[in-house]
Amino acid sequence: MNCVIRKISVAALLGVAVMSQVQAEVAVIVNPGASASPSQADVANIFLGKDKSLKGVDQKEWNATKDKFYSSVVSKNESQLKSYWSSLIFTGKGRPLPSVSDDAAVVAKVAGDDSSIGYVDSAAVNDSVKVLFTLP
């Protein structure tokens, strides 16, 4: 019995290790014709509405890609981001970025507008957009 539990525990740990390595990277993308190449700090300011040099394209639903992007680049989780935007809306100092349904919609929007910037699972990247940087 002890041996069976130990084997299951080892298998579970290996499964967790493999799952964490399988997680995809997040790519921050722009239109290939974009003249700007913002730094990671600039990207954070764009997605917080503080920098208007590029139009940020956000994802509607909170998902793994959005979570990784906001926690890594903007240093905010879902509730912190909602609170941030609620405060700006209430004071009339800002509006949340336009959002689209998924990675494919972000790629399409960024590919169609040379002043847009977005983030997607790196597997969604194609030749219609340029990757600024990736988050492992």
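Within the stretch 25-51, residues that are touching a residue at least 24 places away in the same chain (Cβ under 8 Å) and aromatic (Phe, Trp, Tyr) sit with their Cβ atoms under 6 Å from residues that are crowded, with 17+ Cβ neighbours inside 10 Å and part of a helix (DSSP H, G or I), at 6+ positions apart or across chains, in these pairs: Phe47/Val74. Is it the case that Lys60 is among the basic types (Lys, Arg), surrounded by 16 or more Cβ atoms within 10 Å (Cβ to Cβ) and under 28 Å from Asn126 (Cβ atoms)? Against the criterion (among the basic types (Lys, Arg), surrounded by 16 or more Cβ atoms within 10 Å (Cβ to Cβ) and under 28 Å from Asn126 (Cβ atoms)), Lys60 does not qualify.
Considered as a group, the residues in the stretch 22-44 that are buried (at least 19 other Cβ atoms within 10 Å of the Cβ) and more than 12 Å from the chain's Cα centre (by Cα) include one that is nearest to Ser122 (Cα to Cα), and that residue is Val30. A search for C-beta distances below 6 Å between a residue of the stretch 120-136 that is closer than 17 Å to Asn63 by Cβ and any residue that is crowded, with 17+ Cβ neighbours inside 10 Å and acidic (Asp, Glu), counting only pairs 6+ apart in sequence or on different chains, returns Val120/Asp103; Asp121/Asp103; Ala124/Asp103. Given the structure, is Ser122 among the hydroxyl-bearing types (Ser, Thr, Tyr) and out of contact with any strand residue (DSSP E or B) (no Cβ under 6 Å at 6 or more places or on another chain)? No; evaluated as a whole, the condition is false for this residue.
Residues in the stretch 78-100: is at least one surrounded by fewer than 16 Cβ atoms within 10 Å (Cβ to Cβ), in a loop (DSSP other than H, G, I, E, B) and hydrophobic (A, V, I, L, M, F, W, C)? Within the stretch 78-100, not a single residue is surrounded by fewer than 16 Cβ atoms within 10 Å (Cβ to Cβ), in a loop (DSSP other than H, G, I, E, B) and hydrophobic (A, V, I, L, M, F, W, C). If you go through the stretch 41-77 and keep only what is under 16 Å from Ser116 (Cα atoms), in contact with a Leu (Cβ under 6 Å, 6 or more places away or on another chain) and assigned to a helix (DSSP H, G or I), you end up with just Ile46.
Out of Val106, Val43, one residue alone is at pLDDT 95 or above, in contact with a Gly (Cβ under 6 Å, 6 or more places away or on another chain) and aliphatic (A, V, I, L, M). It is Val106.
The criterion of being free of Cβ contacts under 8 Å to residues at least 60 places away in the same chain and either within 17 Å of the chain's Cα centre (by Cα) or loosely packed, with under 14 Cβ neighbours inside 10 Å (or both) does not hold for Lys55.
Checking each residue in the stretch 22-31 for being in a loop (DSSP other than H, G, I, E, B) and modelled with pLDDT of 95 or more picks out Glu25, Asn31.
The values are calculated or read from the model by the stated rules, or taken from the named source; none is laboratory data. If you're wondering where the values come from, they're calculated on a predicted model, not measured in any experiment. FYI the Cβ positions are ideal-geometry reconstructions off the backbone, even for glycines, and counts take in every protein chain you see.
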